[in-house]
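Shown next, in structure tokens, is the structure this report addresses.
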Amino acid sequence: TPLKQISKGIDVRWEDPVVPRYNGQRSQRVQCSPVPGVETEKARLAVAEKLEQIELPAGYSLQWQGEKNASDQSMKYLFKNFPLAIILMIAILIMLFKDYRKPAIIFCSIPMVFVGVVMTMLVTGKTFNFVAIVGTLGLIGMIIKNGIVLTLQIGQGTEPVTALIDSAQSRLRPVMMAALTTILGMIPLLTDAMFGSLAASIMGGLLFGTVITLVFIPVLYALFFHIKHVD
């Protein structure tokens, strides 16, 4: 039977077989994956400015989903209880040392760690994203641990100046070896698209943090406790 006997004509029309929705609103999702060796956040920033300059019709909006949305949500939950964690750390250190000056010395050395983190990010070209922040927070715990060990050993000395010098010298090898093993362990992650910034932040911050622990803390200890070298 000829087709023209049962139909007046044939045409092609596009129809949506599936209407995707997000929160009850019709939506269109555009997604991609970065090339190997490029971080997800760095790839997003490369196109974000041009995409956000697109003039959308009335009633339309643009939202970042995927890893960007997950990172923002995780960041909110991460810093939600951060003040409480700081208060608990200060309370534990005060109870440990039974003094406020030694905990103050340890906490004064923490901002110096960001010097190493920033320098490493600039050298490696990594972005300071969510995983880098997680690595920096973990790095703060390592620096506090090294500061506690060094401060406790300083307090065990008899003569103040000799105690400062001997404690820094005796802790040089264990602290440097612990830092070196952690830095070497982070090298395989340095080229990873997701965890590369975490590895860079820990490597740089731990390298400078080790120097700060062995030099800056004894100097602050001498200033806080008014220790002077007398010939």
Computed over region 62-195, the convex hull of the Cα set has an average projected area, in nm², of 10.4
The correct pair for region 182-231, radius of gyration to one decimal and Dmax as a whole number, both in Å and from Cα atoms, is 16.9, 56
In whole angstrom, largest first, the equivalent ellipsoid semi-axes that the Cα gyration tensor gives for the chain are 58, 19, 14
Reduced to Cα centres, the span from region 30-94 to region 146-216 in Å works out to 30
Using the Kirkwood radius over Cα pairs of region 51-123, the Stokes-Einstein translational diffusion coefficient at 25 °C and 0.890 mPa s, in µm²/s and rounded to a whole number, is 148
Here the averaged projected area of region 18-82, based on the convex hull of its alpha-carbon atoms and given in nm², is 6.8
Counting only protein heavy atoms and rolling a 1.4 Å probe, one gets per residue an accessible area for the chain in Å² of 69
Number of Lys pairs in the chain closer than 25 Å at Cα, excluding neighbours under 8 places apart unless interchain, is 15
In vacuo Debye sum over C-alpha of region 1-47, base-10 log of normalised intensity I(q)/I(0) at q = 0.18, 0.31 Å⁻¹, listed in q order, is -0.80, -1.11
Heavy-atom accessible area of the chain with neighbours in place, 1.4 angstrom probe: carbon+sulfur share in percent works out to 64
Taking only the Cα positions of region 75-116, the convex hull volume per residue in Å³ is 72
Note on the chain: contact order normalised by length, alpha-carbon pairs under 8 Å, 6 or more apart, percent, works out to 26
Over the chain, the sum of -39500 (n - 2.57) across DSSP H runs of at least four, divided by residue number and rounded to 500 deg cm²/dmol, gives at 222 nm -20000 deg cm²/dmol
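The values are calculated or read from the model by the stated rules, or taken from the named source; none is laboratory data. In this text the structure is predicted, and so the values were computed from the model without any measurement. Remember, those area values only see protein heavy atoms, side chains included, never the ligands or the DNA or RNA. Shrake-Rupley method; radii C 1.70, N 1.55, O 1.52, S 1.80 Å.
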